[in-house]
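Below: one structure, written as structure tokens.
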Amino acid sequence: MKIQPYLDKLSASSEFKDFSKKNKGAFMMAGFFVLDFESGKNLHQIDYYIPSKKEVAAFTLGDKIALQLMKSVGNKAPEKLDSKINTDLDELSGILEDEMKNRSITENIAKIIAVIQNIEGKKIWVLNCVLSGMGILKAHIEDSSKSVLKMEKLSMTDIIKKIPPSALQQLQQAKQGLTPEGQPKKPSKEDAESEIKKLDALEKAIEKEKEAIRQKAIESEKKSSVKTKAKKK
């Protein structure tokens, strides 16, 4: 799966043409993709930055093109991303699997959440993967060379340790159908409306998490660049 057909589809759409007319200075800043190898339900999204409004325009490319506007996180504008992307989406799993073998990681990749962006002039793929054993694999791939810059595997235990105890308790009670006070909860119309609101909140949380992934990647690459320059000196 090459990315160019998605860019062509976006640029030819009426939604994008209307957006471009209203936001002359907007530029492409990132691509966001979810590759679900179990369900086959993938997501393809292209993000543009609007300097005049300090907003991110996220175009989701499905049967229809959906546009969502959100405030950018941080004061610094992101780097511009051009369309010359060397790594295809279906190459990501193979690149990861080769490196996983070198590190004796035997699980299969169930899902890849991938963000491509420019970090200090280099196109970097920032990947968060769900493994068959429910572990999480984090990796950075340089687009031009298709080489793995870093890789880290986290177990469910590592992830749970980062969750506040109060949040874990609420999650357990929700699974058991209990109220925060530990009492049995009766389903109602309000519950259904509440679930819809939770789904909306989850969608917004995903967007925030995606932006956080970008920011962490930028900071990480900057630190790596500083260390490399220091060693050369």
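So the values come out like this:
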read-out: Scope region 50-73; condition assigned to a strand (DSSP E or B) and touching a residue at least 60 places away in the same chain (Cβ under 8 Å); matching residues; value: 56, 58, 68, 70
read-out: Considering residues of region 111-127 that are farther than 12 Å from residue 85 by Cα and over 15 Å from the mean Cα position of the chain (by Cα) only, the residue surrounded by the fewest Cβ atoms within 10 Å (Cβ to Cβ); value: 121
read-out: Some residue of region 99-111 being under 21 Å from residue 43 (Cα atoms), part of a strand (DSSP E or B), in contact (Cβ under 8 Å) with a residue 12 or more places away in the chain and not β-branched (Val, Ile, Thr); value: yes
read-out: Test: residue in region 75-90 that is of a type in the set (A, V, I, L, M) and either more than 19 Å from the chain's Cα centre (by Cα) or buried (at least 20 other Cβ atoms within 10 Å of the Cβ) (or both); value: yes
read-out: Complete set of residues in region 38-48 that are more than 16 Å from the chain's Cα centre (by Cα) and either touching a residue at least 12 places away in the same chain (Cβ under 8 Å) or surrounded by 14 or more Cβ atoms within 10 Å (Cβ to Cβ) (or both); value: 38
read-out: Residues being under 19 Å from residue 71 (Cα atoms), in contact (Cβ under 8 Å) with a residue 24 or more places away in the chain and not in a loop (DSSP other than H, G, I, E, B) - total across region 8-32; value: 8
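The rows are residues; the columns are (1) part of a loop (DSSP other than H, G, I, E, B); (2) in contact with a strand residue (DSSP E or B) (Cβ under 7 Å, 6 or more places away or on another chain); (3) modelled with pLDDT of 95 or more.
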| residue | (1), (2), (3) |
| --- | --- |
| 6 | no, yes, no |
| 34 | no, yes, no |
| 48 | no, yes, yes |
| 75 | yes, no, no |
| 82 | yes, no, no |
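The values are calculated or read from the model by the stated rules, or taken from the named source; none is laboratory data. Being a predicted model, the structure only gives us computed values, none of them experimental. Don't worry about glycine lacking a Cβ; one is built from the backbone with ideal geometry, like all the others, and counts go over all protein chains shown.
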